[in-house]
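Chemist: Have a look at this one before I ask anything.
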Amino acid sequence: MSEALVLCSRQGAVSTLTLNRPSALNSFTAELHRELLARLDEAAADTEVRCVVLAGAGRAFCAGQDLADPMVAPGPEGSAPTDLGPVIERLYKPLVQRLRSMPVPVVAAVQGVAAGAGANLALCCDMVVAARSASFIQAFAKIGLIPDTAGTWLLPRLVGRAHAFGLALLGDKLSATDAERIGLIWKCVDDAAFADEVASLAKRLAAMPVAALVATRHALDRAQHLTLDEALGEEARVQSGLGRAHDYLEGVAAFTAKRQPVFTDR
Ligand code: T3D
């Protein structure tokens with residue numbers, strides 16, 4: 001039997017999903033898309049899961065779209081051009097939407113190269129931790145495309161217009177150290193410390209009030225389009241709901257009693 005395209009493992013409340021096409025640097029085929037979406041759906045539906053880690057097997061995180069896949073590969077000269085629009089609509093868009101609507105925090109654990117849609121897949125996650133030897137490439141311009149998988153939306157928000165343009169137009173390899181320096185990712189850690197760092201971050205997030213963390217994701221994203229007054233109104237609205245939830249009561253009770261809180265909302 002062939003190996004699964006997405007490996008799943010569980011450590012306590014942390015579910016780790018590992019892209020598993022190492023011979024093609026975990027590049028995306030339609031099958032890999034389907035498997036990843038299904039595994040994310042399962043993690044979202046499993047109330048015991050409180051954090052998801054997304055990783056890649058072998059020497060890459062993900063090299064983006066598999067350019068050899070007949071679904072996207074240009075045909076011989078003279079043949080009808082391939083329409084990439086439906087591929088984006090049918091596969092990449094739902095994947096981004098799934099990631100951004102996960103009911104738990106999602107951590108990208110980037111080892112090796114993250115290129116094209118693979119880079120932006122990582123950037124779609126709530127936090128990105130990269131090994132020092134990892135790198136990020138907005139490879140799209142090199143093959144005549146624009147940054148997809150939310151790249152146009154994420155890049156200027158993460159690093160500002162100047163860096164977004166530099167990364168997207170040139171498509172150069174950005175080291176993990178520089179990715180951390182310009183604010184593209186949360187943290188770059190030495191290779192030897194990488195596994196422990198990811199595991200402890202994921203465990204820490206899983207023990208936090210994850211419903212509030214997810215509400216924070218949505219509030220930060222929404223606020224990008226709002227005036228200050230609108231954002232203040234949104235904060236009041238969201239806080240109103242969270243203030244009635246178990247985790248707030250538990251957090252305050254634990255603080256008052258000087259004990260560790262046990263958060264359960266999701
Ligand atoms: O097309 C659409 O549907 C639109 C959607 C687009 C989304 C996108 O992601 S577009 C961008 C696609 N990705 C790329 O353009 C990246 C292409 N890959 C590279 O530039 C390099 O492979 C890397 C910089 C990622 C790594 O370089 P290196 O030197 O470490 O490895 P390599 O030797 O180039 O690659 C190793 C193998 O993986 C090699 O296969 P082989 O020769 O050993 O049989 C290579 O062909 C394969 N590989 C790497 N990336 C892809 C790939 N095979 C298919 N698709 C890939 N994207």
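Chemist: Net charge within 12 Å of residue 250 by Cβ-Cβ distance, Lys/Arg positive one each and Asp/Glu negative one each, not counting residue 250 itself?
Modeler: Residues close to residue 250 contribute a combined charge of -1.
Chemist: Which value in nm describes the separation of the simple spin-label points at residue 68 and residue 229, placed 7 Å from the Cα toward the beta carbon?
Modeler: 5.9
Chemist: Here is a follow-up. I want to verify a result. In a Gaussian network model of the chain, Cα cutoff 10 Å, which of these has the top mean-square fluctuation: 165, 194, 255?
Modeler: Looking only at 165, 194, 255, the biggest GNM fluctuation is shown by 255.
Chemist: Counting DSSP beta bridges with both partners in the chain, what percentage is antiparallel, nearest 5?
Modeler: Bridges in the chain that DSSP calls antiparallel: roughly 30 percent.
Chemist: Ok, one more. What does the charge add up to near residue 204, with Lys and Arg as +1, Asp and Glu as -1, over the other residues with Cβ less than 14 Å from its Cβ?
Modeler: Net charge in that neighbourhood comes out at 0.
Chemist: I've got another one for you. Give me, ordered by chain and number, the residues 5 or more places off residue 66 or on other chains with an amide H under 5 Å from its own placed amide H.
Modeler: Correct list: 28, 29.
Chemist: When the distances between all Cα atoms of the chain are binned every 10 Å from zero, what whole-number percent does each bin get?
Modeler: Values per bin, smallest distances first: 7, 28, 34, 21, 8, 2, 0, 0.
Chemist: May I have the convex hull volume per residue, in Å³, for the Cα set of segment 78-162?
Modeler: So the per-residue hull volume is 118 Å³.
Chemist: Past the 14 angstrom mark, what percentage of all C-alpha to C-alpha distances in segment 210-257 do you count?
Modeler: The answer is 55 percent, as a whole percent.
Chemist: Can you tally the net charge around residue 228? Count Lys and Arg as +1, Asp and Glu as -1, for every other residue whose Cβ sits under 14 Å from the Cβ of residue 228.
Modeler: My count for the surroundings of residue 228 gives -3.
Chemist: List the pair-distance distribution P(r) of segment 133-234, using every Cα-Cα distance, as the percent of pairs falling in each 10 Å bin from 0 up to the bin containing the longest distance, rounded to whole percents.
Modeler: Distribution as computed: 13, 32, 35, 19, 1 percent.
Read-outs throughout are calculated quantities, based only on the coordinates presented, and are distinct from any laboratory measurement. Since the model is a prediction, treat every value here as computed from it, not as a measurement. Every residue, glycine as well, gets a Cβ built from its backbone with ideal geometry; the counts of neighbours run over all protein chains shown.
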